[in-house]
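Asker: Quick one: the structure is below, questions incoming.
The values are calculated or read from the model by the stated rules, or taken from the named source; none is laboratory data. The structure displayed is predicted, hence computed values, not measured ones. As a convention, Cβ positions derive from the backbone with ideal geometry for all residues, glycine included, and neighbour counts pool all protein chains shown.
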Amino acid sequence: MTPVQRTVTKTLFALMMMVGFTIALVPLYDVFCNITGLNGKSASQPRAIVSGEVDESRYVTVQFITRTGSGLPWRLTAQDRQVRVHPGQAYEVRFAFVNHGKTASRGRAVPSVSPSEASLHLRKITCFCFQEQRLEAGERLELPLMFQLSRDLPENVHTVTLAYTLYPAAEEQLTSNVIALTQGGGA
Amino acid sequence: MAPKSPPKATLEHSQSASGSAAAHHVEEHHYRSGPLRWLLTTNHKEIGSLYLIFSLSMFMIGGAMALIIRLELFQPGLQMVQPEFFNQMTTMHGLIMVFGAVMPGFVGLANWMIPLQVGAPDMALPRLNNFSFWLLPIAFTLLLSTLLMPGGGPNFGWTFYAPLSTTYAPPSTTFFIFALHMAGISSILGAINIIATILNLRAPGMRLMDMTLFVWTWLITAFLLIAVMPVLAGVITMMLLDINFGTSFFNAAGGGDPVLFQHLFWFFGHPEVYIMILPAFGIVSVIIPTFARKRLFGYASMVYATASIAILSFLVWAHHMFAVGLPLVAELFFMYTTMLIAVPTGVKVFNWITTLFRGEITFETPMLFALAFVVLFTIGGFSGLMLAIAPADFQYHDTYFVVAHFHYVLVPGAVFSIMAAVYYWLPKWTGHYPDERLGRWHFWLSVIGVNLLFFPMHFAGLAGMPRRIPDYALQFADFNMASSIGGFLFGFSQLLFIWVIVKCVRGGVKAPASAWDGATDLEWTVPSPAPLHTFETPPDLRGFKFH
Amino acid sequence: MRKMFALAGLLASLNGSYSMVHASDWNMPVGVSQVSRDVYGLHMIIFWICVIIGVIVFGVMFYSLFRYRRSKGAKAAQFHEHTTVEIVWTAIPFLILIAMAIPATATLKNMYDASEADYDVMITGHQWRWQYDYMGEDVTFFSNMSTPREQIAGTEEKGEHYLLEVDQPLVLPVDRKIRLLTTSADVIHSWWVPDLAVKKDAVPGFVNESWTRIDEPGIYRGQCTELCGKDHGFMPVVVHAMEQEQFDTWLAERKQAAAEEAGGVDREWALDELIERGEKVYATICASCHQAEGQGMPPTFPGLAGNQALMDDLDRHIDVVVNGVSGSAMAAFSGTLSPVDIAAVITFERNAWGNDTGDAVQPADIQALVSP
């Protein structure tokens, strides 16, 4: 191997490392977001309730915003638009899904938490957002969200806003396949 | 740094080498002539010239698009073009100038000068060199052809933020992605070639710390290219999958995140910014000592500053995203790292100025461009420092203040350095001096034009004018009119540049081997014009004291 | 930190009287909130730091260029390194930066503290208009640019607030902490009002928060600052800040108007009445994409005039307007336009530009679709 070939081999190796790193960036970003709450995405998996003392000295207002994206004839409404809870207290809010369309369709509610650091301290025990829903034409479905704000929620957070945006989920199967393929089962 | 006065033996040697090269040259003419010769050439000088001609053509095309933009913005209201076309112009202008003009311009200079400055006969991988050049015309023909496709060309800005560039993009976006892939592969191959050349083909006796700063900055730039071009390739591949294969990397509806796009893009994009400025630092660090007739001050600190800027460039990307809704901690981290970049950049400017201090200065055209670079790039650096202050950035972000900032570092920064390099090395390339009088005209018209063009943009931005808008409120009218006049002055002055180059190629005052009396680097030991083959036997620099 | 701002103020006054009177014409506005004044202070400090460094650096440079030119017989010195000097000019900028980072950090922390707000407003970016939603008040509306297309085309003289005027501004009370939640229905937008020093991206699927507390009543203008497509330059932001009592009155009137609007759903509407109303809705909401004559801009924005497929399928037409089309600029209007407006605009589209279907869509039918 000539010195030039050695250098080229090393450079190509570095290049391959960077390609690998780029592919890894997508799942890494998700992991990073889960750890730091970077983008206000809440966890997509149910978490166990943490029993313990309820911090009754503090009240936190939790607001619910529901929106529907384009292309889905659904309405999502929260039974309570706003609740006041103590950190540590588990609370259930019911959400109603209605399909106004003339055919059955599938949708998924995408959550976003603001301020983003609160997403780390929001434990969802059950949530309709963990999976997509399928509604027949005219069907109405009530689903619960059970959540708990952990007691170590930063002192300066007094209001937590939870937004759910409904999106159509028609090509869901294909999407998850390709993502699984490209992210090596990540996502 | 190269020898102050090259060892006598080297000089003689290279002349005898060039004698045999001339014979070779004629021979080669015999079996390769016409267009095929340029298509198949593996000679670093010819490929360098091809890159430079390509870069100049793209500079004129991208410039024409800029003039369409400035014409529309000459006064309030929509006069010349509709918003959809305006957006295509801003997008294409950015893409062509970044990937078609500035980057290939530097690669062209690298091809021509790196082998000459390290005493190598050619690039390490000549055939690969040919391939990486010819990818570019194909890529940019494809990119330009998207303008004629239904729905028009890319219209989402050169930063192509998703989902505007995915879900909401015109059908031609797939071709845009393909074109960018080709340009990216070309850059990667070019970078591999440059690294292999610098690390392996240096003349015996030339250590790394003996190289000129142009070679040094290009070595570091090439590593940056290897590191970030795969990230660009990755991000546009994800776009391709989102558009054509139903994935949702950047689509919130499918569980993706549009902000992820921006993180990935700027992880590539910020080092990319330095890819476009580090070689400029190298050029200026070569030209200023020549015309100040004094060795570069702080050679070692220049190398270290360049390396630290390159490393820091990986830690600052989110300063382009202060308004995107990052958590406080991230915001603070990126504000601090960004401010830190001012330190090595400051060191560079201080070094150039100390090089001038107590020198023996003359003002030939290359020096004029290099001096304008130092002043105007520093102004761009100052506005960069202001942009680093995150709370204030909320007011500057995505306004004309940002447009002013990055044009100051890219036009009188990167572009002026390329012009300085062209004036500096034209005697070596053609054997003639460029017309000094015309060169001065070109310089002064460009300097006046460029400042009239970009300085008022600071004010327009601070007063509240967002970027990328085809029409604006009445209070911005004066600034825009001034910018447009400056734009046309700058744009048309470049025709003079082309004329100077054409004139210089065709004839002019004959240049000796060492064309500038203060020049000491290795390329000035070979005859002017440089014969097709130089340093076929490497000059022996062992035992030579470089510093 | 206070000292720093005082210093900035002093330096700012050096700008001369012109800047005091017309500051916003060529400099960043001081603005009408404590945050905007802090930001202005930071801006001026860093500006003057740059000016001072610039004067020194360029001073030495130009001195050298004049003093050490060959034509004046200068002979080059031979020095080329000096470790002490190099350490000094690495350290000094570092110290300046640390001094600068301290007040910047404090201001940033303050900007991020949106807690304990008096009002919450949800801001949604659409291609190409803003939607404001007073949370908990049941008041929501679009804010469209009101500059006539004739002024843009130049056939009419441009007004004072050309491109910076809207049909319905965001109305806010002064001296109250307002939490602003930004999101988007389609692509990324960015909501910016320079006088409030608030700029926040509106990202589809995500909610960002920021806040403001306005000190003075007045009208404050800004624009969208993230490229969002064709009419990115034509989606201004206008904030009308008023005293609390006026704001309460305004809010009550808004609710009243909404109630009256809802009342219109129950009655039967005549075709002409619907067409007349629909024409206005079309002009403000639909014309920017589907064009004044319904010709559209294919392939991105389909034409409506002579669109036989659509005219033959009333249900599809209603579905598209009410629910939008996924992955396109066509938004769902059910949450943002009243049933009357939706019915009117569909009726208009089905009876304009040669689409003589004669269909009259009743608001009650739309209402039934939205909340049966």
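Asker: List the number of the failed condition for residue B:417; all other conditions in (1) more than 16 Å from the chain's Cα centre (by Cα); (2) of a type in the set (S, T, N, Q); (3) buried (at least 23 other Cβ atoms within 10 Å of the Cβ) hold.
Answerer: (1)
Asker: Here's a check for you: in region A:94-104, which residue that is touching a strand residue (DSSP E or B) at 6+ places or on another chain (Cβ under 9 Å) and either at the interface with another protein chain (Cβ under 10 Å from one of its Cβ atoms) or outside any strand (DSSP E or B) (or both) is surrounded by the fewest Cβ atoms within 10 Å (Cβ to Cβ)? So that I can check it myself, show each step before the final result.
Answerer: At the first step, the residues of region A:94-104 found to be touching a strand residue (DSSP E or B) at 6+ places or on another chain (Cβ under 9 Å) are A:94-101, A:104.
Subset that is either at the interface with another protein chain (Cβ under 10 Å from one of its Cβ atoms) or outside any strand (DSSP E or B) (or both): A:98, A:100-101, A:104.
Numbers: A:98: 19, A:100: 22, A:101: 19, A:104: 12.
Selected residue: A:104.
Asker: Mind listing whichever residues of region C:56-115 are among the polar types (S, T, N, Q) and either facing another protein chain (nearest Cβ under 7 Å) or under 30 Å from residue B:390 (Cα atoms) (or both)? Break it down stepwise before answering.
Answerer: The first filter runs over region C:56-115 and keeps only residues among the polar types (S, T, N, Q), leaving C:64, C:71, C:78, C:83-84, C:90, C:105, C:107, C:110, C:115.
Answer for region C:56-115, where residues must be among the polar types (S, T, N, Q) and either facing another protein chain (nearest Cβ under 7 Å) or under 30 Å from residue B:390 (Cα atoms) (or both): C:64, C:90, C:105, C:107, C:110, C:115.
Asker: From the list B:398, B:435, which residue is acidic (Asp, Glu) and within 13 Å of chain C (Cβ to nearest Cβ)?
Answerer: One residue alone meets the criteria, B:398.
Asker: Another question about this same structure. Right, residue B:172: under 23 Å from the mean Cα position of the chain (by Cα) and on the phi < 0 side of the Ramachandran plot or not?
Answerer: no
Let's see how each residue does on (1) away from chain A (no Cβ under 14 Å); (2) in a loop (DSSP other than H, G, I, E, B); (3) surrounded by fewer than 20 Cβ atoms within 10 Å (Cβ to Cβ); (4) touching a residue at least 24 places away in the same chain (Cβ under 8 Å):
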{"site": "C:303", "(1), (2), (3), (4)": "yes, yes, yes, no"}
{"site": "C:306", "(1), (2), (3), (4)": "yes, yes, yes, yes"}
{"site": "C:316", "(1), (2), (3), (4)": "no, no, yes, no"}
{"site": "C:320", "(1), (2), (3), (4)": "no, no, no, no"}
{"site": "C:331", "(1), (2), (3), (4)": "no, yes, no, yes"}
{"site": "C:342", "(1), (2), (3), (4)": "no, no, no, yes"}
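Asker: Does residue B:180 fit the bill of being crowded, with 20+ Cβ neighbours inside 10 Å, modelled with pLDDT of 95 or more and closer than 20 Å to residue B:153 by Cβ? Explain how you work it out, then say what you get.
Answerer: Numbers: crowded, with 20+ Cβ neighbours inside 10 Å: yes; modelled with pLDDT of 95 or more: yes; closer than 20 Å to residue B:153 by Cβ: yes.
So residue B:180 fits the description; yes.
Asker: When you look at residue B:246, is it modelled with pLDDT under 95 and buried (at least 24 other Cβ atoms within 10 Å of the Cβ), yes or no?
Answerer: On the way: modelled with pLDDT under 95: yes; buried (at least 24 other Cβ atoms within 10 Å of the Cβ): no.
The answer is no for residue B:246.
Asker: Considering each of B:256, B:234 in turn, give the residue that is small (Gly, Ala, Ser) and closer than 22 Å to residue C:228 by Cβ.
Answerer: B:256 is the lone residue from the list that is small (Gly, Ala, Ser) and closer than 22 Å to residue C:228 by Cβ.
Asker: Further question on the same structure: Look at region C:163-177 and say how many of its residues are out of contact with any Asp or Glu (no Cβ under 9 Å at 6 or more places or on another chain) and either within 14 Å of chain B (Cβ to nearest Cβ) or without any contact (Cβ under 8 Å) to a residue 24 or more places away in the chain (or both).
Answerer: 3
Asker: Kindly state which helices (runs of 4 or more DSSP H) lie completely within region C:231-297 and contain at least 2 residues that are away from chain B (no Cβ under 14 Å), of a type outside the set (A, V, I, L, M, F, W, C) and surrounded by fewer than 14 Cβ atoms within 10 Å (Cβ to Cβ).
Answerer: C:244-263, C:271-281
Asker: Hey, can you tell me all the residues within region A:111-121 that are aliphatic (A, V, I, L, M) and modelled with pLDDT of 85 or more?
Answerer: A:113 - this is the single residue of region A:111-121 that is aliphatic (A, V, I, L, M) and modelled with pLDDT of 85 or more.
Asker: With respect to residue B:67, is the statement that it is touching a Leu at 6+ places or on another chain (Cβ under 8 Å) and away from chain C (no Cβ under 14 Å) true?
Answerer: It is false that residue B:67 is touching a Leu at 6+ places or on another chain (Cβ under 8 Å) and away from chain C (no Cβ under 14 Å).
Asker: Return the total of residues in region A:119-140 being surrounded by fewer than 16 Cβ atoms within 10 Å (Cβ to Cβ) and part of a strand (DSSP E or B).
Answerer: Residues meeting the conditions: 3.
Asker: Given the options C:222, C:218, C:205, name the one that is within 13 Å of chain B (Cβ to nearest Cβ), closer than 30 Å to residue C:149 by Cα and not acidic (Asp, Glu).
Answerer: C:222
Asker: I would also like to ask the following. Looking at the structure I just gave you, is residue A:107 assigned to a strand (DSSP E or B), over 14 Å from residue A:162 (Cβ atoms), within 14 Å of chain C (Cβ to nearest Cβ) and in contact (Cβ under 8 Å) with a residue 60 or more places away in the chain?
Answerer: Here the answer is yes, as residue A:107 does meet what is asked.
Asker: On the basis of being surrounded by fewer than 21 Cβ atoms within 10 Å (Cβ to Cβ) and either hydroxyl-bearing (Ser, Thr, Tyr) or touching an Asp or Glu at 6+ places or on another chain (Cβ under 6 Å) (or both), does residue C:326 make the cut?
Answerer: Yes.
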